[in-house]
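Below you'll find the structure, written out as structure tokens, and then a few comments.
The values are calculated or read from the model by the stated rules, or taken from the named source; none is laboratory data. The shown structure was predicted, so the numbers you read here are calculated from the model rather than taken from an experiment. Here the Cβ is made from the backbone with ideal geometry for all residues, glycine too, and neighbour counts use every protein chain on show. Note: areas computed on protein heavy atoms with side chains; ligands, DNA, RNA excluded. Shrake-Rupley method; radii C 1.70, N 1.55, O 1.52, S 1.80 Å.
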Amino acid sequence: MSFIQVRDLEHGYSAGGLFSKRHRVQVLSGLNLDLHEGQSLGLLGGSGSGKSTLARLLMGLESADQGSIVFKGQPPFLQRVQMVFQDALSAFNPQRSIGWSIAEPLRHLSDMDASACRARVEQLLQQVQLEARDIDKLPAQLSGGQLQRAGIARAMAIGPQLIILDEALSNLDRVLQVQILDLLAQVRRESGTGFLLITHDLSLVQRFCQRVVVLADGKLVEDLPVTAQMRFTHPAARTLQEAVLPAMPRARSVREPQLQA
Ligand SMILES: Nc1ncnc2c1ncn2[C@@H]1O[C@H](COP(=O)(O)OP(=O)(O)OP(=O)(O)O)[C@@H](O)[C@H]1O
């Protein structure tokens, strides 16, 4: 069942100024999307196609020029949509402990008292496989992967219906990416949280998502269930699909000539 309906979304930015005439760059033009409860949706698109713009509009960080984003039900939408960004370190206050940062949405969006907040943070740390003693550490004392897990814990704190991961796994190595995706899949199964995974990496979508959409020319040009055999048909989407590197480069034949130094 869809809980967010995006209709005829139009959005753009002013560009130029110093060396060229100011003009309007249209990023989204007539975009429609239904986000379903508890679903993991992959959002693919070339660089600059507008993926992060769409995420910011869904989060309410910007207002669309035209069109609508309609949320089903009553609770205010910051309680329903949370976001994890690519640069985990800059998403945390360097002077505050990890526990303090994870508790931030609880302080603002719930009526929990200090001891209930602490208990919830301890539970979240456990869920994202961080250690209880990490609660008092500063962001600089955690590795990139640990910090990204702390970011996910913060996004999960108030039990949102949707967590947007905007290239949130891009800075992590493959092993960590897989560990975190498997952890998120467990969160999805246990709590029914839906995910919007924004990425350039089709293999992450294939591991984690039930459905994939591709953004090009300001709108969604593909919307498919994720299967091993799925084939995109739109030229921009095919380019993304064909740009995936093979897992193993072709083994070099022993008879293949070697390059001379
Ligand atoms: N605040 C802004 N002011 C002006 N232009 C912007 C702004 N934010 C985004 N843009 C422009 O809008 C277009 C879409 O940007 P966006 O970051 O949404 O793309 P993206 O698909 O997320 O790209 P990437 O995959 O490279 O992160 C780009 O041309 C970008 O330069």
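Look at the dipole of the chain built from charges on Cβ: of Val121, Ala55, Ser29, the Cα furthest out on the positive end belongs to Ser29. Only Lys, Arg, Asp and Glu carry charge here, each on its Cβ (+1 for the first two, -1 for the last two); on that basis the chain has a dipole of about 380 debye about its Cα centre. Taking trypsin sites (Lys or Arg not before Pro) in DSSP loop conformation with at most 10 other Cβ atoms inside 10 Å as exposed sites, the chain has its longest uninterrupted site-free stretch at 23-230. With the simple spin-label model, which puts each label point 7 Å out from Cα in the Cβ direction, the Ser47 to Asn171 separation comes to 1.8 nm. Evaluated over the chain, the count of Lys pairs having alpha-carbon atoms less than 29 Å apart is 5 (only pairs 8 or more residues apart or interchain).
Rounded to the nearest Å, what's the spacing between the alpha carbon centres of region 16-71 and region 203-243? Just the number, please. Region 16-71 and region 203-243 have Cα centres separated by 17 Å.
A simple rule links phi to the HN-Hα coupling: the Karplus curve 6.51 cos²θ - 1.76 cosθ + 1.60 with θ = phi - 60°, which for region 128-136 gives 9, 6, 9, 8, 4, 6, 5, 4, 9 Hz, with x for Gly and Pro.
Projected over every direction and averaged, the convex hull enclosing the alpha-carbon atoms of the chain yields 19.9 nm².
Measuring only protein heavy atoms, the 1.4 Å probe finds Glu242 accessible over about 110 Å².
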